[in-house]
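Peer 1: Sharing a structure, written as C-alpha cells. Questions coming.
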Amino acid sequence: MSIADFYKSRITVAKVYGIPVRIDYRWFVVFALSVWLISSNLQSYVNQISSFSLPPMAPVTAWILGIVTTAGLFLSVFGHELAHALMARAEGIEIEEIVLHPFGGLARMRSEPENPRAEFRIAVAGPAASFVFALLALAAAKVAALGGYVATLVIFFFLGWGNLLLAVFNLLPGYPLDGGRVLRAILWRKHGSITHATRMAGICGLLVAATVILFGVYILIAPNWRAAQPYFMGAWSILVGLFLLDTAARIVKDANNARQVTVGDAMSPAVAIAPELTITQLIDDFLPLHRQTSFPVALNHELFGILALEDLKALPRERWRLTHARDVMRPIAPRFFVEPSTTLDYARELMKRNGVGSLAVINNHGKLVGYLHSGKLRPRARRTGKKAREATV
Ligand SMILES: [Zn+2]
C-alpha cells in the first residue's frame, strides 16, 4: 500500500467552525499504542516527573492516566491543525477538511496562499499554538506539583512536553513540515517563484526525513541510549521519517513537473476585441457571451493593449456610446504579454504584479495566439500546485 492510501479511509467525527474533522482508521491503532506506551511506563518504572519521584503505579490508575493523556495529546494535534486552518481562513483560503492521521494532522486547503506573507502566517500558526499549549500545560503541571496532585501533574507534564516536541519537530526546515513551509515562504519572497521555492523546500524536506530515519536507527542500535522504550521510539522515528521522505519526494517531483508547464499548455484561445469597439457594444453584445474581467484589444492578431473591466468603473455611463476600446485600454507594454514557451510559473508571478491578472500570449511573429487568465488556467496547469498542498503536516 502506498503512503497516499493512508489518507483514503477515514470517518468524519465532528464539524468545528464549519470545517469537517476526519479521522483515519489507522489513527485508532496509534491511539491504542500511545495509551499502552504511557500506561506501561507508569506501571513498570520509577518516573522522575518534575521534583516528584513516582513509584510504579497500580494498573488501573496507569491505564486511566494513559487514556486521558493520549486524548489530550491528540486534542493538541487537532488544536495545532485548527490554528493553521483558522489562519488560512483569515487569509481568505477555504479549508476543505482537517484530517488526523497516524503521523499527525493536516489542514487541507482549497488553494495555495496568494503570497509569501500569507504562506508564512499560515505555517507558523500551528507551531505557535503548540508553544502556547505547552506553556499552559507546563504552568498547570507546576501548580499541580505545588498542590501535590500527582495524577494531574502526570497528565499536564506529558501534555507540556508533548506539545513542545510537536512545535519544535514541526519547525524543522523541510517541506512538508511547517518549518519547511516557512522556508518556502522566505525563498518565495526572495526569488519570486513559488515553484522554485517549493522545490528547494522539498529538497530540504528529503534531508530532514533522512535525518529523522538515521536518528531512529541510532536509537535502535546505540548501546547506551536510555530511552524507556528504545525499540518503539526507534521504529516510530523510522516510520515518521519514511512518511516524510515519501511526501517530500512527491513534492519535489511535482515542482519539477510544474517547472516544465508552459504558457502554451495553460492558455485559452484569445477572445479579442477590436480597438474601435465601443464600450456599449462591449457591455451589451460581448460581455454576456464572454465572462472575463479583461480582454486583449487586437485587430488581425495584432495586439494593441488590454482592456480591464475595472478601468470602466470610472467612465460615466453616458459616455459608453462614444468611447472606444482603444481609449480606455492599457496600451501594450512588456508586463502585459508573454510567449507560449514562457514557463507558467513565471507567467503566474507576472499576472500577480501587472495589475490586470491576465496576459496576452504572442508568438515569435508578434501575433496574438492566446490569452492567460489567472483565474482560468487549464486543468493540467492548475493541478500542479495543489498536490503539494495535500501533504502538509
Ligand atoms: Zn503544522
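The values are calculated or read from the model by the stated rules, or taken from the named source; none is laboratory data. Keep in mind that what you see is a predicted model, and the values were worked out from it rather than measured. So basically every Cβ, Gly included, is an ideal-geometry build from the backbone, and we count neighbours across all protein chains shown.
Peer 1: Among ARG330, ARG317, which is the only one that is charged (D, E, K, R), under 22 Å from THR293 (Cβ atoms), more than 16 Å from the ligand (Cβ to nearest atom) and at pLDDT 90 or above? It would help to see each step written out before you state the result.
Peer 2: On the way: ARG317 fails: at pLDDT 90 or above.
After ruling out the rest, the residue left standing is ARG330.
Peer 1: From the set of residues in segment 185-222 that are among the aromatic types (Phe, Trp, Tyr) and surrounded by fewer than 23 Cβ atoms within 10 Å (Cβ to Cβ), which is nearest to GLU119 (Cα to Cα)? Let's see the steps before the verdict.
Peer 2: Start the filter on segment 185-222 by keeping residues that are among the aromatic types (Phe, Trp, Tyr), which leaves 188, 215, 218.
Filter again for surrounded by fewer than 23 Cβ atoms within 10 Å (Cβ to Cβ), leaving 215, 218.
Details: PHE215: 29, TYR218: 34 Å.
Result: PHE215.
Peer 1: Show the residue pairs meeting these rules: Cβ distance below 8 Å; 6+ apart or different chains; first residue within segment 213-228 and closer than 23 Å to VAL46 by Cα; second residue at pLDDT below 85 and among the basic types (Lys, Arg).
Peer 2: Listed by first residue and then by second, the contacts come to nothing, as the list is empty.
Peer 1: For segment 149-168, what are the residues that are of a type in the set (Phe, Trp, Tyr) and either surrounded by fewer than 18 Cβ atoms within 10 Å (Cβ to Cβ) or out of contact with any strand residue (DSSP E or B) (no Cβ under 9 Å at 6 or more places or on another chain) (or both)?
Peer 2: Pass one, segment 149-168, residues of a type in the set (Phe, Trp, Tyr): 149, 156-158, 161.
Residues satisfying the conditions are TYR149, PHE156, TRP161.
Peer 1: Now for a different question. Scan SER76, SER39 and give me the residue that is at negative phi, away from the ligand (no atom under 16 Å from the Cβ) and within 37 Å of the chain's Cα centre (by Cα). Lay out the reasoning, then the answer.
Peer 2: Numbers: SER76 fails: away from the ligand (no atom under 16 Å from the Cβ).
After ruling out the rest, the residue left standing is SER39.
Peer 1: Pick from VAL60, VAL30: which is free of Cβ contacts under 8 Å to residues at least 24 places away in the same chain, away from the ligand (no atom under 16 Å from the Cβ) and of a type in the set (Val, Ile, Thr)? Working first, answer last.
Peer 2: On the way: VAL30 fails: free of Cβ contacts under 8 Å to residues at least 24 places away in the same chain.
Exactly one of VAL60, VAL30 is free of Cβ contacts under 8 Å to residues at least 24 places away in the same chain, away from the ligand (no atom under 16 Å from the Cβ) and of a type in the set (Val, Ile, Thr), namely VAL60.
Peer 1: I've got another one for you. In segment 251-291, which residue that is assigned to a loop (DSSP other than H, G, I, E, B) and either modelled with pLDDT under 85 or among the hydroxyl-bearing types (Ser, Thr, Tyr) (or both) is farthest from PRO316 (Cα to Cα)? Full working, then the answer.
Peer 2: Filtering segment 251-291 for residues assigned to a loop (DSSP other than H, G, I, E, B) gives 261, 267, 269-272, 274-277, 287-291.
The next check asks that each one be either modelled with pLDDT under 85 or among the hydroxyl-bearing types (Ser, Thr, Tyr) (or both); those that pass are 261, 291.
Numbers: VAL261: 42, ARG291: 22 Å.
The selected residue is VAL261.
Peer 1: Go through segment 176-201 and count every residue that is touching a helix residue (DSSP H, G or I) at 6+ places or on another chain (Cβ under 6 Å) and more than 25 Å from ARG353 (Cβ to Cβ).
Peer 2: Step one: filter segment 176-201 for residues touching a helix residue (DSSP H, G or I) at 6+ places or on another chain (Cβ under 6 Å), giving 176-178, 180-185, 187-189, 192-195, 197-201.
Filter again for more than 25 Å from ARG353 (Cβ to Cβ), leaving 176-178, 180.
Residues flagged as touching a helix residue (DSSP H, G or I) at 6+ places or on another chain (Cβ under 6 Å) and more than 25 Å from ARG353 (Cβ to Cβ) within segment 176-201 amount to 4.
Peer 1: From (1) touching a strand residue (DSSP E or B) at 6+ places or on another chain (Cβ under 8 Å); (2) small (Gly, Ala, Ser); (3) within 16 Å of the ligand (Cβ to nearest atom), pick out the condition that doesn't hold for SER53.
Peer 2: If we test SER53 against (1) touching a strand residue (DSSP E or B) at 6+ places or on another chain (Cβ under 8 Å); (2) small (Gly, Ala, Ser); (3) within 16 Å of the ligand (Cβ to nearest atom), just (3) comes out false.
Peer 1: Examine segment 139-162 for a residue that is touching a residue at least 60 places away in the same chain (Cβ under 8 Å), within 16 Å of the ligand (Cβ to nearest atom) and closer than 30 Å to TYR346 by Cα, and state whether such a residue exists. It would help to see each step written out before you state the result.
Peer 2: In the first step, residues of segment 139-162 are kept if they are touching a residue at least 60 places away in the same chain (Cβ under 8 Å); the result is 141-142, 145, 150-151, 153-155, 157-159, 162.
Filter again for within 16 Å of the ligand (Cβ to nearest atom), leaving 162.
Narrowing further to those that are closer than 30 Å to TYR346 by Cα: none.
Taking every residue of segment 139-162 in turn, none turns out to be touching a residue at least 60 places away in the same chain (Cβ under 8 Å), within 16 Å of the ligand (Cβ to nearest atom) and closer than 30 Å to TYR346 by Cα.
Peer 1: Could you please find all residues in segment 110-138 being under 16 Å from the mean Cα position of the chain (by Cα) and away from the ligand (no atom under 12 Å from the Cβ)?
Peer 2: Residues satisfying the conditions are ARG110, SER111, GLU112, PRO113, GLU114, ASN115, PRO116, ARG117, ALA118, GLU119, PHE120, ARG121.
Peer 1: Would you point out which residue out of GLY92, GLY105 is on the phi > 0 side of the Ramachandran plot and either surrounded by 20 or more Cβ atoms within 10 Å (Cβ to Cβ) or more than 15 Å from the ligand (Cβ to nearest atom) (or both)?
Peer 2: Values: GLY105 fails: on the phi > 0 side of the Ramachandran plot.
That would be GLY92, the only listed residue that is on the phi > 0 side of the Ramachandran plot and either surrounded by 20 or more Cβ atoms within 10 Å (Cβ to Cβ) or more than 15 Å from the ligand (Cβ to nearest atom) (or both).
Peer 1: In addition: Going by what's in this entry, would ALA197 be described as at pLDDT below 95, under 24 Å from ILE67 (Cβ atoms) and either in contact with a Phe, Trp or Tyr (Cβ under 7 Å, 6 or more places away or on another chain) or assigned to a loop (DSSP other than H, G, I, E, B) (or both)? Steps first, answer last, please.
Peer 2: Working: at pLDDT below 95: yes; under 24 Å from ILE67 (Cβ atoms): no; either in contact with a Phe, Trp or Tyr (Cβ under 7 Å, 6 or more places away or on another chain) or assigned to a loop (DSSP other than H, G, I, E, B) (or both): yes.
No, not satisfied.
Peer 1: When you check LEU37 against the structure, is it closer than 27 Å to GLY179 by Cβ and out of contact with any Gly (no Cβ under 7 Å at 6 or more places or on another chain), yes or no? Steps first, please.
Peer 2: Values: closer than 27 Å to GLY179 by Cβ: yes; out of contact with any Gly (no Cβ under 7 Å at 6 or more places or on another chain): yes.
Yes.
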